[in-house]
Amino acid sequence: MKLTVWTYEGPPHVGAMRVATAMKGLHYVLHAPQGDTYADLLFTMIERRDHRPPVSYTTFQARDLGSDTATLFKESCKDAFDRFQPEAIIVGASCTAELIQDDPGGLSESMGLPVPVIPLELPSYQRKENFGASETFYEICRALSAPVERTPEITCNILGPTALGFRHRDDVVELSSILESLGIAVNVVAPLDATPADIQRLGVAHFNVMLYPETCETACRWLEREYKQPFTKTVPIGVGATRDFIAEVKAIAGLPDTVVDDSRLRLPWYSRSVDSTYLTGKRVFIFGDGTHAIAAARIAKEEMGFEVVGLGCYNREFARPVRACAKELGLEALITDDYLEVEAAIEALQPEMILGTQMERHIGKRLGIPCAVISAPVHVQDFPARFSPQVGWEGANVIFDTWVHPLVMGLEEHLLHMFREDFEFHDDAGASHHGSHTPAAQKRRVVEEKTDTPEPVIKDGVTWLAGAEKELRKIPFFVRGKARRNTEKFAVEQGVTSISIETLYEAKAHYAR
Amino acid sequence: MNAFAQIKPPSVGCGNAPVLKQRGQREVFCGLTSIVWLHRKIQDAFFLVVGSRTCAHLLQSAAGVMIFAEPRFGTAILEEKDLAGLADANEELDREVERLLARRPDIRQLFLVGSCPSEVIKLDLSRAAERLTQAHAPQVRVLNFTGSGIETTFTQGEDECLASMVPVLPETDAEQLLLVGALPDVVEDQLVGLIEALGVPVVKALPSRNADTEVGIGPNTKFIVAQPFLGATAGALAGRGAQHLAAPFPFGEEGTTAWLRTIAEAFNVSPEKFDEVTAAPRARAQKAVAAASERLSGKSVFFFPDSQLEIPLARFLTRECGMTALEIGAPYIHRDLVSADLDLIAEGPVLSEGQDVDLQLDRCRAAKPDLTVCGLGLANPLEAEDLATKWAIELVFTPIHGYEQAGDLAALFAKPLKRREGLTL
Ligand code: SF4
Ligand code: SF4
């Protein structure tokens, strides 16, 4: 038993739903109690899907237990087939149904439905959402794919994108355009928008692109064994990774090493331009799913010039590559699905920015640290209306913008420093649009009254003397929190009990790099 | 002597209307979802679900935003090893509770909340609660209730929670009124204020906001229910000798007046006094509803089952906002509580209890209502089919009871229609 407040991953049947909902012509009959239907809203609300997920829940109740839950399952299966006429059906159990052991696979097989029925065994008490997605996709490939002739020209499949995936919709578009620029046509994208018939012809492609290992590595390995289809190992997120990916594709496809058009790519110049100088050495903490965390670490270090001070992932399946990546950066990886541990690590490291999930965004809010979101679990914000992939050239551009956004722009930071005495930039004056009806002179007077006689502030046994408190207020608001914390920490370490202006500047010198 | 002015019921109400009962997929939340508002209401309580990753994921998805540093609810997730032997699961539970209480000294009441998995493996949470109460008394009281999807639907979680508190309420002989239901504080204060102004001597609320202000109960307690889903709680209170005041629910001007009048009659408040206290807020509510319901008048509404609020809300929309109800679906119809509201709804709408969601969607498409009240899983798909929808869940999170919220309640339903009128796409 483990006490959990917020979780990074749902149960494995939600992973299966991500595959089923991504596909067309497939239906999922899920043996589950009524409350489990909450999962529909993840797709209809977070992803704004305009259709219900293709899932029929048996919604058994207490009074059905021990009597006819098996019959109920068969009825649901039949109703689902009659109503939705799917080309194939997947069947499985949620955590509760797993305990009552009705064997959905066996029951549905006995019904003699005229379409393939694929049973899923997803151990709810051991595994989680990503495993569920991966296993479901693998079982679908195993059941539905068939030996077929290769296309005469070089083609590939793009595997891994699912419903509720982090920017999967746009990643497919960007990736397809890069492959096209290499002269490689895409045979099938799966599971996203694939039909069971599409799965059947996976084998005609010459190789597979593993877009998202979390959901398709198992399938890629099986297809490699079964149909001798090699697959790409680099996930093309970031400039370097995209270049490596292209090299990998060329090697697999036997293409000449010609120059590839990257004229859409802006990250390198944006990163070299002088405004980005302020990004240098920003201490960042990275946490997400394994694939996005590893990609982010490389981009942060090599392409943004950040210093990575922490790296980790929540999906244990990817602990090994994340540990290896962390080791190269001289770090110990944090592998945990307990967000309290992640919060503690962030608090201890006091990074200047977090690259994390929606969970870390909330941690960052609480600790006053800016955060950019790099990975699932997803939130309605992670499905923007505009095109915003993570992979490829455009993905790199999007990432540059997304990561810089929470930080104050470089030039702006300098200006704020220069004008920090100016009341316009004084925090007590508030944002310009909020106080627009107050005459400026009156506003200035209020501010002065407030700041002329600050009261001593006591925190953790350390007192801020009036002068120091006043000086602290002159520091721009977006770095003041850090200055306050650092000064207090410094004071405690030095055994100083009252902070003077002197202490403030000693602390500043101490923490200066 | 003056008599109270009574509401005029329709010539034929829905009280004896046939109820359509279909059995198929139910698209509803389980009772665990109630924890999302219960934990905010009872400020020194922690809700510990003993369940699976699914339960934790449901709570997280229903809570929507993860804004609380460490909210006062959590899930003890059962793992493979807990399923192997029950003795282990109990030890593990004790250990997790121990840890939790050590970390959260502010917690005075702990609710162990049963889930489908804990019930299927027959983990006895009532024994666990007794054991843990002994271990942690007097600082912490441990109770248990079920929020499982195999036993409860959505708001029934609150019913089970409040019912679990009734047996441990102290005995009192005081003459008092007990207001039952976890209302937003602002609403509770308004209603209590009105009832006190009527001259009712003692007004208490269940649940109370924290353990120290707990209410007693006894034969001189009269209670009135503020939410239509509290059937088990009403039964438990009656079992302790308290007297139930049956009334329509306090939604809209008419509902609130009828509800307050029931209290006034039970406590021998004079009609004059009643009018004196209620006249001003009644007039305000009537005005607010009239303004907000302009867009609703003459429109039709279709309710999918969700919170059991459907019947009283249909009464409000049909009688005060000029709407026509096409179907009123409820997860469960608790006649003891909602018959007063049913009697006030004119015959006509299909009344359904339980659900086969696919068949109900067929009926909804055929009926083409102007407004469909449904859960979040159905809203966008129906909007994509060009049906205007109102998320039912908003009705349990938003203050909607009483005079001062009557206009807001009408506005909640009018908003989706207003938005559609305003968009040119
Ligand atoms: S329906 Fe049952 S298993 Fe599902 S979330 Fe609710 S209590 Fe948990
Ligand atoms: S000052 Fe206010 S409105 Fe302007 S950018 Fe900041 S938050 Fe937005």
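Only the coordinates and a few stated rules stand behind these numbers; no lab work does. It should be emphasised that the depicted structure is a prediction, and the values quoted were computed from it without experimental measurement. Virtual Cβ from ideal backbone geometry, glycine too; neighbours counted across all protein chains shown.
Out of residues 5 or more away from A:LEU311 or on other chains, whose amide H comes under 5 Å of its own, with H placed 1.01 Å from N in the peptide plane?
Excluding prolines and chain starts, which carry no amide H, the hits are A:ILE286, A:LEU334.
For the range B:99-243, build the convex hull from the C-alpha positions and give me its volume per residue in Å³.
124 Å³
Under the definition of Cα pairs under 8 Å and six or more residues apart, what whole-number percent is the relative contact order of the range B:160-318?
23 percent
With a Cα-only, solvent-free Debye model of the range B:273-425, what are the log10 I(q)/I(0) values at q = 0.09, 0.10, 0.13, 0.19 Å⁻¹?
The Cα Debye sum returns log10 ratios of -0.28, -0.35, -0.59, -1.23.
If each of A:ARG283 and A:ASP257 carries a label point 7 Å out from its Cα toward its Cβ, how far apart are those two points in nm?
The answer from the label model is 4.1 nm.
Once R0 is set to 45 Å, what does the formula 1/(1 + (r/R0)^6) return for the Cβ-Cβ distance between A:VAL115 and B:LYS418, expressed as a FRET efficiency to the nearest 0.05?
Efficiency, rounded to the nearest 0.05: 0.50.
Identify which of B:LEU179, B:LEU371, B:LEU382 has the largest mean-square fluctuation in a Gaussian network model of chain B, with springs joining Cα atoms closer than 10 Å.
Evaluated over chain B, the most mobile residue of the options is B:LEU382.
Roughly how crowded by other chains is peptide B:351-359, in terms of the mean Cβ count from those chains within 10 Å of each of its Cβ atoms?
Whole-number average of other-chain Cβ neighbours for B:351-359 is 2.
With +1 on each Lys and Arg Cβ and -1 on each Asp and Glu Cβ, how big is the dipole of the range B:263-305 about its Cα centre, in debye rounded to the nearest 20?
So the dipole magnitude of the range B:263-305 works out to roughly 320 debye.
Tell me the relative contact order for chain A as a rounded percent, counting alpha carbon contacts under 8 Å between residues six or more apart.
Once divided by the residue count of chain A, the mean separation gives 12 percent.
Just how large is the dipole of chain A about the Cα centre, in debye to the nearest 20, putting +1 at every Lys and Arg Cβ and -1 at every Asp and Glu Cβ?
620 debye
Shielding by partners for B:151-162, please: the mean number of other protein chain Cβ atoms within 10 Å of each residue's Cβ.
The mean count of partner-chain Cβ atoms within 10 Å per residue comes to 1.
Using a ≥ b ≥ c from the Cα gyration tensor of the range A:264-385 (square roots of the eigenvalues), is it rounded, prolate or oblate, where a/c under 1.5 gives rounded and otherwise the larger of a/b and b/c decides, a/b for prolate?
Rounded, since a/c falls under 1.5.
Would you mind working out the magnitude of the charge dipole of the range B:126-262 relative to its Cα centre, with +1 at each Lys and Arg C-beta and -1 at each Asp and Glu C-beta, to the nearest 20 Debye?
Magnitude of the dipole: close to 340 debye.
Given the options B:ALA379, B:ALA102, B:ALA258, which has the most mean-square fluctuation in a GNM of chain B, springs set between C-alpha atoms less than 10 angstrom apart?
In the Gaussian network model the winner is B:ALA102.
Could you give me the ³J(HN,Hα) list for the range A:493-500, computed from phi with Karplus coefficients 6.51, -1.76, 1.60 and θ = phi - 60°, whole Hz, x at Gly and Pro?
4, 8, x, 8, 9, 10, 8, 9
Cα-based Rg of chain A per 2.2 N^0.38 Å, rounded to two decimals?
In units of the 2.2 N^0.38 Å rule of thumb, it is 1.16.
Please compute the Cα-Cα pair-distance distribution of chain B with 20 Å bins starting at 0, giving whole percents from short to long.
25, 56, 19, 0
Can you tell me how the protein assembly as shown classifies by the Cα gyration tensor, rounded, prolate or oblate, using a/c under 1.5 as the rounded cut?
Verdict is oblate for the protein assembly as shown.
List the GluC sites (Glu not before Pro) in the range A:289-361 that DSSP assigns to loop (not H, G, I, E or B) and whose Cβ has at most 13 other Cβ atoms within 10 Å. Which are they?
Here the sparse-neighbourhood loop sites are A:GLU332.
Please list 3J(HN,Hα) in residue order for the range A:294-310, calculated via the Karplus relation 6.51 cos²θ - 1.76 cosθ + 1.60 where θ = phi - 60°; whole Hz, with x for glycine and proline.
For the range A:294-310, the Karplus-derived couplings read 5, 4, 5, 4, 5, 4, 4, 6, 7, 10, 10, x, 7, 9, 7, 9, x Hz, x marking Gly and Pro.
For B:LEU143, enumerate residues with amide H under 5 Å from its amide H, sequence gap 5+ or separate chain, H modeled in the peptide plane.
Excluding prolines and chain starts, which carry no amide H, the hits are B:LEU110, B:PHE111, B:LEU112.
Using amide H atoms built 1.01 Å from N in the peptide plane, name the residues 5+ places from A:ASP102, or on other chains, whose amide H lies under 5 Å from its own.
none
For peptide A:58-66, what's the mean number of Cβ atoms from other chains within 10 Å of each residue's Cβ?
What the average comes to for A:58-66 is 5.
Checking the table B:LYS299/B:LYS415; A:LYS250/A:LYS301; A:LYS128/A:LYS365; B:LYS390/B:LYS418 against a 19 Å threshold on Cα-Cα, which pairs fail?
Those over the limit are A:LYS250/A:LYS301; A:LYS128/A:LYS365.
Say we join alpha carbon atoms closer than 10 Å with springs in a Gaussian network model of chain B; which of B:LEU361, B:LEU326, B:LEU143 then has the biggest fluctuation?
So, out of B:LEU361, B:LEU326, B:LEU143, the one fluctuating most is B:LEU361.
Quote the convex hull volume per residue of the range B:238-361, based on C-alpha atoms, as a whole number of Å³.
Convex hull volume per residue, Cα atoms: 115 Å³.
Residue by residue through the range B:205-215, which ³J(HN,Hα) values in whole Hz follow from phi under the Karplus form 6.51 cos²θ - 1.76 cosθ + 1.60 (θ = phi - 60°), with glycine and proline marked x?
So the J values, rounded to whole Hz, are 10, 10, x, 7, 5, 8, 4, 5, 9, 5, 8.
For the range B:306-384, calculate the relative contact order in percent as a whole number, restricting contacts to Cα pairs under 8 Å that are 6 or more residues apart.
Computed over the range B:306-384, the figure is 31 percent.
Need one word for the range B:108-167: rounded, prolate or oblate. Basis is the Cα gyration tensor (sqrt eigenvalues a ≥ b ≥ c); a/c below 1.5 gives rounded, then a/b vs b/c decides.
Oblate is the answer for the range B:108-167, as a/c is 1.5 or above yet b/c matches or exceeds a/b.
For labels at A:GLU153 and A:ARG366 in the simple 7 Å Cα→Cβ model, what's the distance in nm?
Spacing of the two 7 Å Cα→Cβ label points: 5.4 nm.
Points 7 angstrom from Cα along the Cβ direction at B:ALA384 and A:ALA319: gap in nanometres?
Rounded to a tenth, the inter-label distance reads 3.9 nm.
Starting from the Cα of A:LYS470, draw a straight line to each of the lysines and keep only those under 23 Å, dropping any in the same chain fewer than 8 residues away.
Within the straight-line cut-off, A:LYS470 pairs with A:LYS443, A:LYS450, A:LYS459, A:LYS482, A:LYS489, A:LYS508.
Ranked highest first by average number of other Cβ atoms within 10 Å, how do B:287-294, A:270-277, B:311-318, A:97-104 line up?
B:311-318, A:97-104, B:287-294, A:270-277
Would you mind checking the range A:360-388 for residues with the amide N under 15 Å from a putative spin-label position 7 Å along Cα→C-beta of A:LYS489?
A:367-370
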